[in-house]
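The values are calculated or read from the model by the stated rules, or taken from the named source; none is laboratory data. Remember, predicted model here, so these are calculated numbers, not experimental data. Counting neighbours? That spans all protein chains shown, and the Cβs are built from the backbone with ideal geometry, glycine included.
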Amino acid sequence: MPHTPRATAPQGLHQLAFGGDYNPEQWPEEVWQEDMRLMREAGVTMVSVGIFSWALLEPEPGTYDFGWLDRLLDLLHANGIRADLGTPTVAPPAWFYRAHPEALPVSREGVRYAFGSRGAICHSNPDYRAAAANITEQLVRRYGSHPALALWHVHNEYGVPVSACYCDNCAAHFRRWLTARHGDVEAVNAAWGTAFWGQRYRGLDEIDPPRTTPTVGNPAQQLDYARFADATMRENFCAERDILHRLAPGIPVTTNFMTALSQCDSVDYWAWGREVDLVTNDHYLITDGRRTHVNLAMAADLTRSVAGGAPWLLLEHSAGGVNWQPRNPAKRPGEMARNSLAHVARGSDGAMFFQWRQSLRGAEKFHSAMLPHAGTDSRIWREVTRLGADLGLLNGIRTTRTVADVAMVWDWQSWWAQSLEWRPSQDHDARERADAFYASLFDRHLTVDFAHPDADLSGYPLVVVPALYLATEESGRNLRRYVEGGGTLVVSYFSGIVDAHDAVHPGPYPGALRDVLGLTVEEFSPLAEGGTVRLVTPEGAPEGPELTGDLWSDVVIPRGAETMWSYADGIPAGRPAVTRHRLGEGTAWYVSTRPTGAGLDAVLDRACEDARIAPRTGLPYDVEVVTRTGDAGTYLFVINHTGGDAKVPLDAPGTELLTGEPATGHLAVPAGAVRVVRLDS
Ligand code: GAL
């Protein structure tokens, strides 16, 4: 089925989305009345319902109980609240597994998971597929024209908690997938390099999933299996989506993504973004000491990019602490609003939560909610109602688009390949490089679009490539075209090394990027744990600060590139460490080590000069400034993440929407506050 046009919003929702996962089946129906009253008080406009309700909706195989959901949807409608209705296919009932135990997924080690949690699904299982299609069809036949219905929420967070199953059904399905991808077994042998360690197959029937092996398994097989597992989940999403489209045309279909690179690593969201009508995302702060607001901004930018720049929707985040990290701190006063409005600044047309009312039972009873155990006499409730009111003042921003300044190349498949075993250094992680490049761009107040390596990059003055280990020849040509056309490219080490099958590009590294970077790498020289190298500017090069690198170094042979910094010590002593290659109308930088401290900033300062990006020196550190623009006007979001008051220069006068005050000259943003200025124009 061809992809349907992207929806710009949940059907019939004319405000920003504000609400959360609503699980009233956990409560007596008297409580629902109170929920409605409090939702109205908080300004809730939409809730997500029924996501885990299969066992209630189909209590016996083929017997349905829709009464409670009928009453619930009617109640929501009567209270003017839109419904994001789940297909409950992430949580099949106990009776289903008794009848079809082989629908429980099997781990790589051969352990079959048990019922009693959620998300225990073998996505290749034909009985699961049939049952999921059936409950989806029952739901859409019953509710497809219900007046409360705004959005279909298929499944929940594909890819977590289990992304790949290694059972015999999956083995058979994998063989079919291999046939479609490669053709025949000889093509698989060639792609996987099975001449190595005598892994040659005579027929596809000899191929299994990459189950636990005595030592490292074939990397190309593992990479193909990651693709297969992702594609198999997507098949199931598309099957449900197509039923929903067929029987309820006009209602957009979504499934909630988890684009934060630390939260789901098994889904290629470039491919998924093309399949949903409306991109939605879940985001939780990971409190591991990193700057959480930078991580949030990155996930939001990535989500918007997966949506092709269009508005998207934050479907879940938390009002306070979560319950699944080793330590789950409460959010600081104002943090929840800053988080919510930061997502909105970066393209979300609303802010939704997990969940509305905090559960008394079950695994998530200590997870915060909009309506906490403490009730309405609580800081969380006061902040929630305040946020609802604030969002009500921002409805005008709907459909406007976030303005990006620069791009970062990101590819999940390259990350999967790079994360396999036996790489030159276990310390290297593409995600860590992406985080570091992103933080440096965030700190210079540049808004980042993410782009697939084959995407058209010509609109961006600067493109950074944090660690693109897997890069096809086509991607290499694309990056070259970008530079020749006048772009500035910054590439970090261990990029352009292998092709789509994890085979090293013939010739010296970095095969796919040699031309554009104007150099070759003779040898990798990863550093010992804690080891560092010194980088100095060589004679004749523009003077720059002495830098330190750690983790990695390369033996670089320039072939047209000029040396901007060279190694002062280490194995590559005297050779280039950071290079710059003028090519056509543009320049391509290569950073062959991991600069410590402000080292990456020093390199990016130079690259920004090449890209003619003027430093935004008037903007204070950790004050986030993002613009959304469109037919509905131009809106400047200013989010003060610091403990001090800030002042931000305005390019044009306007009106601050949260206070209603005129804004001109310098905008005052109190410590921890958010301001949104609609610029006059
Ligand atoms: C999400 C999930 C929700 C809830 C939440 C808790 O990943 O979709 O159902 O479990 O986490 O943080």
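Can you pull out every residue in segment 300-323 that is within 16 Å of the ligand (Cβ to nearest atom) and of a type in the set (S, T, N, Q)?
Once the filter is applied, which keeps residues that are within 16 Å of the ligand (Cβ to nearest atom) and of a type in the set (S, T, N, Q), segment 300-323 yields 303, 318, 323.
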Scanning for something charged (D, E, K, R) and in contact with a strand residue (DSSP E or B) (Cβ under 7 Å, 6 or more places away or on another chain), does segment 627-640 turn up at least one residue? yes
Of (1) away from the ligand (no atom under 13 Å from the Cβ); (2) over 26 Å from residue 414 (Cα atoms); (3) in contact with a Gly (Cβ under 6 Å, 6 or more places away or on another chain); (4) of a type outside the set (Phe, Trp, Tyr), residue 341 satisfies all except one. Which? (3)
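Just checking, which of 346, 401 is surrounded by fewer than 20 Cβ atoms within 10 Å (Cβ to Cβ) and basic (Lys, Arg)? Give the steps one after another, and end with the answer.
Working: 346 fails: surrounded by fewer than 20 Cβ atoms within 10 Å (Cβ to Cβ).
Residue meeting the stated conditions: 401.
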Could you check segment 284-299 and list, in sequence order, the residues that are away from the ligand (no atom under 16 Å from the Cβ) and either assigned by TED's automatic domain parsing to the domain that holds residue 448 or on the phi < 0 side of the Ramachandran plot (or both)? 290, 291, 293, 294, 297, 298
Please list, ordered by first then second residue, the pairs with beta carbon atoms under 7 Å, 6 or more apart or interchain, first in segment 6-25 and more than 16 Å from residue 49 (Cβ to Cβ), second assigned to a loop (DSSP other than H, G, I, E, B) and of a type in the set (D, E, K, R). 6/277; 7/277; 9/398; 16/398
Residue list for segment 155-182, filter: within 14 Å of residue 91 (Cα to Cα) and aliphatic (A, V, I, L, M): 160, 162
Are there any pairs, at least 6 apart or on different chains, whose C-beta atoms fall under 6 Å, with the first in segment 328-356 and closer than 15 Å to residue 46 by Cβ and the second of a type in the set (Asp, Glu), and if so, which? 354/21; 354/316; 355/21
Residue 141 - would you say it is exposed (fewer than 14 other Cβ atoms within 10 Å of the Cβ) and either more than 16 Å from the ligand (Cβ to nearest atom) or under 28 Å from residue 253 (Cα atoms) (or both)? yes
Could you check segment 94-121 and list, in sequence order, the residues that are more than 16 Å from the ligand (Cβ to nearest atom), outside any helix (DSSP H, G or I) and surrounded by 20 or more Cβ atoms within 10 Å (Cβ to Cβ)? 104, 105, 106
Sort out which residues of segment 338-365 are charged (D, E, K, R) and out of contact with any Phe, Trp or Tyr (no Cβ under 9 Å at 6 or more places or on another chain), and write them in order of number. 338, 361, 365
Taking segment 259-283 and keeping only residues that are within 26 Å of residue 627 (Cβ to Cβ) and either within 8 Å of the chain's Cα centre (by Cα) or within 15 Å of the ligand (Cβ to nearest atom) (or both), one is left with 259, 260, 261, 269, 280, 281, 282, 283
Find the residue count for segment 324-338, including only residues that are within 13 Å of the ligand (Cβ to nearest atom) and either over 24 Å from residue 386 (Cα atoms) or not in a loop (DSSP other than H, G, I, E, B) (or both). 2
Residues that are small (Gly, Ala, Ser) and either on the phi > 0 side of the Ramachandran plot or in the same structural domain as residue 526 (by TED's automatic domain parsing) (or both): list the strands (runs of 3 or more DSSP E) wholly contained in segment 381-489 that include at least 3 such residues. none
Which count do you get for residues in segment 144-173 that are within 16 Å of the ligand (Cβ to nearest atom) and in contact with a Cys (Cβ under 6 Å, 6 or more places away or on another chain)? 2
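Looking only at segment 2-42, which residues are part of a helix (DSSP H, G or I) and among the hydroxyl-bearing types (Ser, Thr, Tyr)?
Here is the first cut: in segment 2-42, the residues part of a helix (DSSP H, G or I) are 24-26, 29-42.
Once the filter is applied, which keeps residues that are part of a helix (DSSP H, G or I) and among the hydroxyl-bearing types (Ser, Thr, Tyr), segment 2-42 yields nothing.
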Taking the conditions exactly as written (farther than 21 Å from residue 446 by Cα and loosely packed, with under 15 Cβ neighbours inside 10 Å), does residue 661 satisfy them or not? yes
Give segment 470-499 a look and list any residue that's surrounded by fewer than 24 Cβ atoms within 10 Å (Cβ to Cβ) and within 23 Å of the chain's Cα centre (by Cα), or say none. 472
